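Okay, so here's the structure we're looking at.
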């Protein structure tokens, strides 16, 4: 088997097996004595609130400051790092005590894409999702290692340069968040106040809607159409047959795809009762958390022979009082989900009822004004989507650059003492920024 990490030998670097550089720490401890830590893609951190908690809190592995911890499962590929804390981790984590290798250098080397691929190759399992690498496997991985002063120089370089990239990525992520907030604000303003700021207003009688144009009407959603829960189908029915609108189709899209990916076995009565027609609005009805309830997606075109999932509610407008493109935006108003959260009664599982949806207040402009508002918001939406796509592409390029830089420096493919002085990092960052502005 050709080792990925030894394809080329940097001058002066010596060949080692991983087992010569690390000793496995297998001491079991309790998280009552050693605080629980999470092994993440970003390194070792205090246990996340979202982490799965074990009932067996006394059966964990000890981690000391300076140890390298790596998740042994392939579905957590890339999760690992040097710990800055004493603590405990789950038993699926491999804990390594460095010897003869600088911990900060090990942090970068073992998080490089080259090492991650090698770590995966030395694993075993029945299927990819259950693929595992143990220390007995990984200790035979071969790597070239420089002397300690060079390790320190490389670690210093990567600490500095990856921090620059991380700061830029975080800046762009904050920008994306601000764009999302801006978009939500524009939508809320347009669907409750209209486009004419000089228009006379009146009190809507609803706190989260506030004043509305005087010629608009306040309506309960139930007066505008009917609501229905989706079809409940057993697992054996999936995989063939007729189109099936899933929870994910609604949760991820403001407008339903013309062709949904799900297929299900259904009879003719089902396809009539649970049909999905142009103008329908589907809402996420039930979930483990309130945060995922009340999202909506509009059906722009009838999906022939389709049925929709039981975790959804269908609102079907009657008559021609509601423009579908206006629906796409008005049901995204952030106040709607605040309304659901306030009115909903939570027991063990959050759920949106037909009755609550029917009582939901909606500010309704005349149909021509609905179309004008939809035209305006679609133009704004396209502009914001274009900027967000360019920003996300820039983040992807920066992430690729970061990974390539770590691998190149930690495996000796670049000389960090001269590479940085030549300004190559700055030039590459400048090119990414220029591409974003183009």
Which angle from 0 to 90°, rounded to the nearest 10, does the C-alpha axis of helix 367-410 make with the longest principal axis of the chain?
-> 10
Taking 0.36 nm per intervening residue step and subtracting the Cα-Cα distance, what contour gain separates residue 160 from residue 57 on full extension?
-> 33.3 nm
For residue 379 and residue 344, extending 7 Å from Cα along the Cα-Cβ vector and measuring point to point gives, in nm, a value of 3.6
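Given 0.36 nm per residue, what is the gain on full extension from residue 215 to residue 173 after removing their alpha carbon distance, in nm? The partial results should precede the final answer.
On the way: separation 42, 0.36 × 42 = 15.12 nm, distance 4.05 nm.
Contour length minus Cα-Cα distance gives 11.1 nm.
Order 142-148, 64-70 from most to least packed using the mean count of other Cβ atoms within 10 Å. Don't skip to the answer; put the middle values down first.
Working: 142-148: 17.1, 64-70: 20.4.
Highest mean packing first, the order is 64-70, 142-148.
Ranked highest first by the average count of other Cβ atoms within 10 Å around their residues, in what order do 321-330, 385-394 fall? Mind dumping the intermediate values first?
Working: 321-330: 21.4, 385-394: 13.7.
Put in order of decreasing packing, that is 321-330, 385-394.
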Using a 10 angstrom cutoff on alpha carbons, build the Gaussian network for the chain and name the most mobile of 351, 240, 204.
-> 240
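Can you give the extra length, in nm with one decimal, that the chain gains between residue 207 and residue 321 once fully stretched, where that is 0.36 nm per residue apart less the Cα-Cα distance? Show your work: numbers first, answer last.
Numbers: separation 114, 0.36 × 114 = 41.04 nm, distance 2.39 nm.
Here the segment from residue 207 to residue 321 would lengthen by 38.6 nm.
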Distance in nm between label sites at residue 269 and residue 45, each 7 Å beyond Cα in the beta-carbon direction?
-> 5.2
Compute the distance in nm between two label points, each set 7 Å from the Cα along the Cα-to-Cβ direction, one at residue 182 and one at residue 228.
-> 4.2
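Once every DSSP H run of n ≥ 4 in the chain is given -39500 (n - 2.57) and the sum is divided by its residues, what mean residue ellipticity at 222 nm do you get, rounded to the nearest 500 deg cm²/dmol?
-12000 deg cm²/dmol
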So how tilted is helix 148-193 from the main axis of the chain? Cα-based, degrees 0 to 90, rounded to 10.
-> 0
With everything on Cα atoms, drop me the angle between helix 334-343 and the longest principal axis of the chain, reported from 0 to 90° to the nearest 10.
-> 80
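Quick check on region 217-364: take the gyration tensor over C-alpha atoms, sort the square-rooted eigenvalues as a ≥ b ≥ c, and tell me if it's rounded (a/c under 1.5), prolate or oblate. The partial results should precede the final answer.
Values: a/c = 1.86, a/b = 1.31, b/c = 1.43.
The shape class here is oblate.
Read the figures in this text as sums done on the coordinates, not as results from a lab. All values reported here derive from a predicted model rather than from experimental measurement. Reconstructed Cβ throughout: ideal geometry from the backbone, glycine too, with neighbour counts over all protein chains shown.
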